[in-house]
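Got a structure for you, written out below as structure tokens; questions coming shortly.
The values are calculated or read from the model by the stated rules, or taken from the named source; none is laboratory data. None of the values given here were measured: they were computed from a predicted structure. Positions of Cβ are generated from backbone atoms using ideal geometry, with glycine treated the same way; all protein chains shown enter the neighbour counts.
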């Protein structure tokens, strides 16, 4: 099962947690100096490591369609940059352990542990286990002073990036999210949109991650992030309560209208879906709506993304065809739940 199909901790605020380790093999240059022959050699070496590891599957991206690649981006399993790669690359995954490895992205290896809700320790342990399997059989580029050597200097040292997807409708509605964003850089954190760097925060979804990887330990990075996002979560919950106390009827009307639209619309574009998703998810978090769960809503959102819809349909779709199919999928799903 994918992360969004499983239950997790503190799902009212935390959507998912991802731990990513950047690693590179010795004797191979970084992209773009890495040629096709070198990339294929790296892919084969990594494939061999996990050939005997239980539960892992290998996918050569040469035979993956554009919609299938973009669908993996929508599921937050690979980066947009990886999906756009034209040179040899591959993906190794283990859905049971929720480990996803991008081979020949920016770095030779991007090892990811992903968990539903807030679980940085579980995601970290999963990523480190895969990292240990690679390190036991291959030579990883490491320097005693610099730490793990990476394509981008911002990943030097631990090569560790912990990213937490948070659902913050109250802080967004009150404008408090802007002041929070302005303070994060002072404590070594950064905030990105729904699909990562350079993207907008749709559906009140924000990704918070560490921006410092060198000169600190993995534990220090984890503890710093835990403390920061814990403070943000507390502020979000307090603001929700204030909004509910001051505008209970208006909020209930907004939530139930959103749920009704999801269960009856004939056409719906992605932007409207994000707005309705945010309203209904906020209703679940505030105890206004009990007919759907966080897991059901998050799964619906991802299944209704453009590339995922098209990939599931198995044929090319126009924008209007996607809008009809999205609405049909939502109607069927919501009516079954309600």
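If a residue must be touching a residue at least 60 places away in the same chain (Cβ under 8 Å) and either touching a strand residue (DSSP E or B) at 6+ places or on another chain (Cβ under 9 Å) or assigned to a helix (DSSP H, G or I) (or both), how many such residues does segment 70-90 contain? Quick ask: steps written out before the conclusion?
Step one: filter segment 70-90 for residues touching a residue at least 60 places away in the same chain (Cβ under 8 Å), giving 70-71, 73-77, 79-80.
Filter once more, so that each one left must be either touching a strand residue (DSSP E or B) at 6+ places or on another chain (Cβ under 9 Å) or assigned to a helix (DSSP H, G or I) (or both): 70-71, 73-74, 76-77, 79-80.
Going through segment 70-90 one residue at a time, the tally reaches 8.
Pairs, please: C-beta under 6 Å, at least 6 apart or cross-chain, first residue at positive phi and assigned to a loop (DSSP other than H, G, I, E, B) and in segment 184-205, second at pLDDT 75 or above and surrounded by fewer than 18 Cβ atoms within 10 Å (Cβ to Cβ)?
188/211; 188/212
A further question on this structure: Take segment 7-33 and flag every residue that is over 30 Å from residue 233 (Cβ atoms), at pLDDT below 95 and surrounded by 15 or more Cβ atoms within 10 Å (Cβ to Cβ).
30, 31
For segment 123-142, state whether one or more residues are within 16 Å of the chain's Cα centre (by Cα) and assigned to a loop (DSSP other than H, G, I, E, B). So that I can check it myself, show each step before the final result.
Filtering segment 123-142 down to residues within 16 Å of the chain's Cα centre (by Cα) leaves 123-124, 126-127.
Remaining after also requiring assigned to a loop (DSSP other than H, G, I, E, B): none.
Scanning segment 123-142, I find no residue that is within 16 Å of the chain's Cα centre (by Cα) and assigned to a loop (DSSP other than H, G, I, E, B), so the answer is no.
Going by the structure shown, is residue 233 in a helix (DSSP H, G or I) and either touching a helix residue (DSSP H, G or I) at 6+ places or on another chain (Cβ under 8 Å) or buried (at least 21 other Cβ atoms within 10 Å of the Cβ) (or both)? Don't jump to the end; show me each part of the working.
Details: in a helix (DSSP H, G or I): yes; either touching a helix residue (DSSP H, G or I) at 6+ places or on another chain (Cβ under 8 Å) or buried (at least 21 other Cβ atoms within 10 Å of the Cβ) (or both): no.
No.
Here's another thing I want to ask about it. So if I check each of 205, 184, 168, 189, which one is buried (at least 19 other Cβ atoms within 10 Å of the Cβ) and farther than 23 Å from residue 285 by Cα?
Testing whether each residue is buried (at least 19 other Cβ atoms within 10 Å of the Cβ) and farther than 23 Å from residue 285 by Cα leaves just 189.
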